[in-house]
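Beneath this line is the structure, given in structure tokens, with notes to follow.
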Ligand code: ASP
């Protein structure tokens, strides 16, 4: 064999091995394709420095159980021909009601020691969208976001105006103390002591994206924001195109991470545009935005995204992201750390 032939054979074997050991399994997980109508639901519960060695086993069980409960509740809606919009809304209320996540009960505290929550929702059928920001006494901010979308002429309402509107919609209102949890308060006190905003305890936002049996996409995101954020600070979660985006012509995206970077990079819309105008696959688009663009800028976080064919991606550049998926084909999984497939 000539040297040039042996180099060629070696390269071919190496490329084949890399394909079968790394790229192929990743494609199978992230891009399942089933025949006929199908549904797909993905959820996240925040990204950040989530390390197995720092996680108490009983907490890990609780996280996995709550993510599984939310996935199963959403799948129940989708399998009964419910809409992706209803599925993502319901799933987010379950996660908002859980003190484990930084949304609804369990939201993080601002520098002034109060909860100011943001949420948004988008319908991929017609690009209709709704959002609320800085709300302090709406039990489920995602329901307020949905009401803004369906019952008002606007896309985004903030603070007292959003709360007054929620009351007219007969949504459940609570005292601000309802959102308190001891662990978030301790995080706040630690952040205050250090007076540093880049605490690793800032994440825990919740999100859901779904494709329903009619081929419609929807996305929803809800958060308390970032620990020790400035009063009045608004992150990416309620910003349509940044933390939440859905368009039947491309994909549905929900983000979590350092919101300022997600706003500047218009992450949800960027991923959708790379697919729609650039011809990228969902995986290529998500990898480029999260693993290249954001990472190069120092913007930590991740996304969940599903396209109109049911192919999906759960991409993050942090040590972990609470996440899960379920499909009509019976594929399901709940993952936390970065080494879980
Ligand atoms: N993206 C959220 C924000 O910046 C925080 C998070 O996802 O943890 O408000």
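Picking from residues in region 149-161 that are within 17 Å of residue 122 (Cβ to Cβ) and without any contact (Cβ under 8 Å) to a residue 40 or more places away in the chain, the one that is surrounded by the fewest Cβ atoms within 10 Å (Cβ to Cβ) is 153.
Restricting attention to region 210-221 and to residues that are surrounded by 24 or more Cβ atoms within 10 Å (Cβ to Cβ) and more than 10 Å from the ligand (Cβ to nearest atom), the residue that is nearest to residue 141 (Cα to Cα) turns out to be 220.
Within region 309-324, the set of residues being within 19 Å of residue 272 (Cβ to Cβ) and buried (at least 19 other Cβ atoms within 10 Å of the Cβ) comprises 310, 311, 312, 313, 314, 315, 316. One residue alone among 103, 131 is surrounded by 24 or more Cβ atoms within 10 Å (Cβ to Cβ) and outside any loop (DSSP other than H, G, I, E, B), and that residue is 131. Within region 226-268, the set of residues being within 18 Å of residue 323 (Cβ to Cβ), more than 9 Å from the ligand (Cβ to nearest atom) and part of a helix (DSSP H, G or I) comprises 267, 268.
Region 1-82 holds helices (runs of 4 or more DSSP H) entirely within its bounds, and those carrying 2 or more residues that are under 17 Å from the mean Cα position of the chain (by Cα) and at pLDDT 90 or above map to 57-79. Going by the structure shown, is residue 166 under 18 Å from residue 214 (Cβ atoms), buried (at least 18 other Cβ atoms within 10 Å of the Cβ), more than 16 Å from the ligand (Cβ to nearest atom) and more than 16 Å from the chain's Cα centre (by Cα)? Considered against the rule, which asks whether it is under 18 Å from residue 214 (Cβ atoms), buried (at least 18 other Cβ atoms within 10 Å of the Cβ), more than 16 Å from the ligand (Cβ to nearest atom) and more than 16 Å from the chain's Cα centre (by Cα), residue 166 comes out as no. Under the condition of being out of contact with any helix residue (DSSP H, G or I) (no Cβ under 9 Å at 6 or more places or on another chain) and under 23 Å from residue 173 (Cβ atoms), the residues counted in region 69-114 number 2.
The sole residue among 268, 259, 243 that is within 21 Å of residue 132 (Cα to Cα) and touching a residue at least 60 places away in the same chain (Cβ under 8 Å) is 243.
The values are calculated or read from the model by the stated rules, or taken from the named source; none is laboratory data. All values derive from a computational prediction rather than experimental measurement. Quick reminder, even Gly has a Cβ in these numbers, built from the backbone with ideal geometry, and neighbours come from all protein chains shown.
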